[in-house]
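Take a look at the structure below.
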Amino acid sequence: MPGVLRLVLGDQLSDSLSALSDLNPAVDVVLMAEVLAEATYVKHHKQKLALIFAGMRNFAQRLTARGVVVRYVPIDDADNTHGIDTEVLRALAAQPFSELVITECGEWRLQARLESLRSRADVRVDMREDDRFVCSRSEFEAWARGRPDLVMEFFYREMRTRTGLLMEGSSPAGGRWNFDADNRKRMPHGLHPPRRQRVAPNPIARAAIADVARLFPDNFGELDEFGFPTTTEEAHAVLDHFVSDVLDTFGDYQDAMGAEQPFLWHGLISSALNMGLLLPLEVCRRIAGEYEAGRAPLNACEGFIRQILGWREFVRGVYWLKMPEYGLRNALGADRHLPWFYWSGESQSACINDVVATVRRHAYAHHIQRLMVTGQFAMLLGVHPDQVDEWYMVVFADAYEWVEMPNTRGMATYADGGIMGTKPYAGSGAYINKMSDYCGRCRYDVRQRTGPDACPFNVLYWDFFMRHEARLRDNHRVGYAYQTLARWPEAHRREIQDEAERRRAEYGATPVEG
Ligand code: FAD
Ligand code: DLZ
Ligand code: SF4
């Protein structure tokens with residue numbers, strides 16, 4: 001009696017994966033393949049490649065230790081066909097199987113290829129739901145149906161009610177759904193973030209790092225400070241450290257930024273969650289338990305749970321609801337090249353250089369750096385969304401299109417025209433100055449609006465609102481910008497526009513066409 005072939009992808013490293021739920025170790029085979037199609041569809045950061053290969057190899061070893069037969073195809077295997085679909089077909093040709101079992105994958109691109117196996121493979125294909133998310137794709141579709149606007153806050157409340165997380169009966173703990181008002185503090189002078197424990201690479205991770213250094217020498221990023229968990233035990237240790245040393249202050253300084261302070265009070269768990277080493281519901285239950293035991297304040301626990309149960313589930317729902325059309329959206333007609341300094345970190349802006357240096361060293365930046373520094377700047381310049389997407393997909397170890405794209409095309413650049421947010425996240429240099437210590441170290445002057453020393457975020461901010469006046473003028477959430485612009489003489493408006501165009505040319509943000 002032939003067994004079942006079960007595919008496990010590089011971001012499906014969970015014991016509870018639906019493709020493994022009824023595994024029979026006596027006859028079934030698990031297929032895992034390191035392939036160039038996945039390793040090169042964007043030119044991933046070296047740490048991302050090392051992370052995926054290390055995670056996959058550790059997971060294969062974990063399965064083998066349980067007595068499971070794993071057909072593991074390493075990246076440098078001479079017979080590797082370097083496609084997930086072609087490796088499935090090769091495995092099916094190597095021995096008879098009764099069925100192919102797959103858990104639906106995270107990206108539309110690869111899911112389309114996996115769907116094609118239904119006609120290309122000569123066995124039945126059982127495509128299973130990815131039930132590691134709290135809200136399934138069909139539940140999200142049902143929630144979204146008939147709603148004119150998809151508002152994260154309402155979705156989040158439903159998730160809280162459904163899961164019972166931080167609930168007292170049918171009411172939110174503490175009488176409020178949202179403690180954001182308590183959570184937007186600038187980091188006070190003299191307050192030092194906790195010392196963060198990174199994970200020392202285990203032997204399998206060290207070998208993966210060496211392979212990536214050898215095989216992908218030209219990819220972006222450094223490998224020296226690799227500190228990501230690559231097993232579920234390591235991921236739980238990262239969560240333990242966060243809960244015991246960091247969580248109680250997470251809420252207060254969630255939006256703060258500090259020069260050469262990459263991690264602050266953040267969880268550092270996105271890569272582990274996205275690969276399946278941690279599960280969102282188990283993380284949220286753990287955090288809620290800390291509040292219930294009186295060990296962590298509600299504003300911190302609610303703020304953290306909101307990110308996972310709210311935002312993470314919401315972006316995944318939006319992605320699958322709107323793809324593939326979502327990936328073509330460019331509501332503001334952005335048409336410029338990404339400036340070269342997103343790669344080199346050699347601009348004259350202290351904030352941008354700090355974020356680029358951080359991503360090069362750590363394949364990580366925290367949310368406000370992604371949103372209000374690199375994201376805001378790309379939006380204000382008018383960088384084409386494809387180039388914005390590419391940069392985010394390359395530089396972050398936690399990047400998968402399902403989570404990256406709604407954040408870039410939606411939240412950060414408004415290219416989706418308002419699905420993810422009701423207004424563009426534009427805050428000029430003033431916001432960065434309020435939330436960080438960058439501006440004091442910068443060659444530009446954050447108080448100036450025009451002239452050679454003016455902060456580029458300022459001049460580009462006002463130019464942005466002028467360029468998009470027809471579209472944004474009636475959006476009451478940005479009405480303040482148009483009230484201000486209306487008070488300025490035409491000559492000043494023209495001066496801003498000329499200065500903005502000069503800056504675009506200086507930064508290499510030239511038109512994509514021509
Ligand atoms: P914490 O700040 O500690 O938050 C805890 C967890 O909440 C995160 O691990 C993450 O799983 C979840 N979370 C928080 N915000 C979001 C969000 N907006 N969307 C989805 N999940 C969220 N996150 C990714 O995982 N992959 C990406 O490719 C990615 N690209 C982004 C691009 C832009 C432009 C922006 C603005 C945000 C992006 N994010 C992405 C969301 C967020 O910035 C990261 O999840 C977070 O910085 C990861 O670090 P952390 O684990 O320390 O997070
Ligand atoms: C990201 C990634 C990389 C770099 N390499 C592999 C790989 O060699 N084999 C594999 O199975 N998965 C890899 N992945 C993860 C996939 O890209 C991911 O499963 C899809 O993008 C769907 O989310
Ligand atoms: Fe960034 Fe402007 Fe501040 Fe310089 S002055 S750090 S460019 S916000």
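The values are calculated or read from the model by the stated rules, or taken from the named source; none is laboratory data. Just so it is clear, the model here is predicted, and its values are computed rather than measured. Glycine also receives a Cβ, built like all others from the backbone with ideal geometry; neighbour counts cover every protein chain displayed.
Count of segment 171-181 residues, restricted to those that are of a type in the set (S, T, N, Q) and modelled with pLDDT under 95, is 1. Please enumerate the residues belonging to segment 401-425 that are among the aliphatic types (A, V, I, L, M) and near ligand 1 (Cβ under 10 Å from one of its atoms). Answer for segment 401-425, where residues must be among the aliphatic types (A, V, I, L, M) and near ligand 1 (Cβ under 10 Å from one of its atoms): Val403, Met405, Met411, Ala412, Met420.
Might you let me know whether segment 430-452 holds any residue that is of a type in the set (A, V, I, L, M), under 30 Å from Ala363 (Cβ atoms) and in contact with a helix residue (DSSP H, G or I) (Cβ under 6 Å, 6 or more places away or on another chain)? Yes, there is a match, as at least one residue in segment 430-452 is of a type in the set (A, V, I, L, M), under 30 Å from Ala363 (Cβ atoms) and in contact with a helix residue (DSSP H, G or I) (Cβ under 6 Å, 6 or more places away or on another chain).
Within segment 44-100, which residues are of a type in the set (S, T, N, Q) and part of a loop (DSSP other than H, G, I, E, B)? Working first, answer last.
Restricting attention to segment 44-100, the residues satisfying the condition of being of a type in the set (S, T, N, Q) are 47, 58, 61, 64, 80-81, 86, 95, 98.
Result: Asn80, Thr81, Gln95, Ser98.
Among the residues of segment 317-340, is there at least one that is farther than 22 Å from Asp218 by Cβ, among the hydrophobic types (A, V, I, L, M, F, W, C), buried (at least 22 other Cβ atoms within 10 Å of the Cβ) and in the same structural domain as Ala144 (by TED's automatic domain parsing)? Within segment 317-340, one or more residues are farther than 22 Å from Asp218 by Cβ, among the hydrophobic types (A, V, I, L, M, F, W, C), buried (at least 22 other Cβ atoms within 10 Å of the Cβ) and in the same structural domain as Ala144 (by TED's automatic domain parsing). Criterion applied to Arg473, Arg449 was being among the charged types (D, E, K, R), surrounded by 13 or more Cβ atoms within 10 Å (Cβ to Cβ), more than 21 Å from Ile432 (Cβ to Cβ) and more than 16 Å from ligand 1 (Cβ to nearest atom), and the one residue passing it is Arg473. Candidates in segment 162-207 are the residues that are polar (S, T, N, Q) and surrounded by 14 or more Cβ atoms within 10 Å (Cβ to Cβ); of these, the one that is farthest from Phe304 (Cα to Cα) is Asn202. Looking at Ala378, Ala397, Ala357, just one residue is surrounded by 24 or more Cβ atoms within 10 Å (Cβ to Cβ) and within 16 Å of ligand 3 (Cβ to nearest atom), and that residue is Ala378. Considering every residue within segment 423-438, establish whether at least one is surrounded by fewer than 22 Cβ atoms within 10 Å (Cβ to Cβ) and farther than 30 Å from Val151 by Cα. For segment 423-438, residues surrounded by fewer than 22 Cβ atoms within 10 Å (Cβ to Cβ) and farther than 30 Å from Val151 by Cα: present. The residues in segment 149-165 that are under 29 Å from Gly418 (Cβ atoms) and either assigned to a loop (DSSP other than H, G, I, E, B) or among the basic types (Lys, Arg) (or both) can be counted, and the count is 7.
Modelled with pLDDT under 95, farther than 19 Å from Ala397 by Cα and charged (D, E, K, R): does that describe Asp248?
Details: modelled with pLDDT under 95: yes; farther than 19 Å from Ala397 by Cα: yes; charged (D, E, K, R): yes.
Judged against the criteria, Asp248 is a match.
Counting only helices (runs of 4 or more DSSP H) that fall entirely inside segment 299-400 and contain at least 3 residues that are closer than 27 Å to Ile269 by Cβ and within 9 Å of ligand 1 (Cβ to nearest atom), the qualifying elements are 313-322, 385-395.
Considering segment 462-496 alone, what residues qualify as being over 33 Å from the mean Cα position of the chain (by Cα) and of a type outside the set (Val, Ile, Thr)? It would help to see each step written out before you state the result.
First, the residues of segment 462-496 that are over 33 Å from the mean Cα position of the chain (by Cα): 483-496.
Result: Gln483, Leu485, Ala486, Arg487, Trp488, Pro489, Glu490, Ala491, His492, Arg493, Arg494, Glu495.
No other residue among Asp416, Asp389 is charged (D, E, K, R), farther than 27 Å from Leu277 by Cα and buried (at least 21 other Cβ atoms within 10 Å of the Cβ) apart from Asp416.
Are any residues in segment 195-220 in a loop (DSSP other than H, G, I, E, B) and either among the aromatic types (Phe, Trp, Tyr) or touching a Leu at 6+ places or on another chain (Cβ under 9 Å) (or both), and if so, which ones? So that I can check it myself, show each step before the final result.
Here is the first cut: in segment 195-220, the residues in a loop (DSSP other than H, G, I, E, B) are 195-202, 216-220.
Those that are in a loop (DSSP other than H, G, I, E, B) and either among the aromatic types (Phe, Trp, Tyr) or touching a Leu at 6+ places or on another chain (Cβ under 9 Å) (or both): Arg196, Arg198, Phe216, Asn219, Phe220.
In segment 302-319, the residues that are under 20 Å from Tyr253 (Cα atoms) reach residues that are within 16 Å of ligand 2 (Cβ to nearest atom) with C-beta atoms within less than 8 angstrom, at least six apart or across chains, in these pairs: Ile308/Leu273; Ile308/Pro280; Leu309/Pro280; Arg312/Leu273; Arg312/Pro280; Arg312/Val403.
Among the residues of segment 122-143, those that are modelled with pLDDT of 95 or more and assigned to a loop (DSSP other than H, G, I, E, B) comprise Val123, Glu129, Asp130, Asp131, Arg132, Phe133, Val134, Cys135, Ser136.
Set side by side, the residues Leu273, Leu264 differ, and just one is assigned to a helix (DSSP H, G or I) and either at pLDDT below 95 or out of contact with any strand residue (DSSP E or B) (no Cβ under 9 Å at 6 or more places or on another chain) (or both), which is Leu273.
Among (1) under 28 Å from Leu298 (Cβ atoms); (2) modelled with pLDDT under 95; (3) part of a loop (DSSP other than H, G, I, E, B), there is one condition Gly146 misses while meeting the rest; what is its number? Just one mismatch for Gly146, condition (1).
For segment 27-45: of the residues being under 18 Å from the mean Cα position of the chain (by Cα) and buried (at least 24 other Cβ atoms within 10 Å of the Cβ), which is nearest to ligand 3 (Cβ to nearest atom)? Filtering segment 27-45 for residues that are under 18 Å from the mean Cα position of the chain (by Cα) and buried (at least 24 other Cβ atoms within 10 Å of the Cβ), the one nearest to ligand 3 (Cβ to nearest atom) comes out as His45.
Matching residues to (1) within 16 Å of ligand 3 (Cβ to nearest atom); (2) of a type outside the set (Ser, Thr, Tyr); (3) surrounded by 15 or more Cβ atoms within 10 Å (Cβ to Cβ); (4) free of Cβ contacts under 8 Å to residues at least 12 places away in the same chain:
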site: Ala54; (1), (2), (3), (4): no, yes, yes, no
site: Arg62; (1), (2), (3), (4): no, yes, yes, no
site: Tyr72; (1), (2), (3), (4): no, no, yes, no
site: Glu87; (1), (2), (3), (4): no, yes, yes, no
site: Ala93; (1), (2), (3), (4): no, yes, no, yes
site: Thr103; (1), (2), (3), (4): no, no, yes, no
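On the basis of being surrounded by fewer than 17 Cβ atoms within 10 Å (Cβ to Cβ) and within 19 Å of Arg370 (Cα to Cα), does Glu260 make the cut? When the stated conditions are applied, Glu260 passes them.
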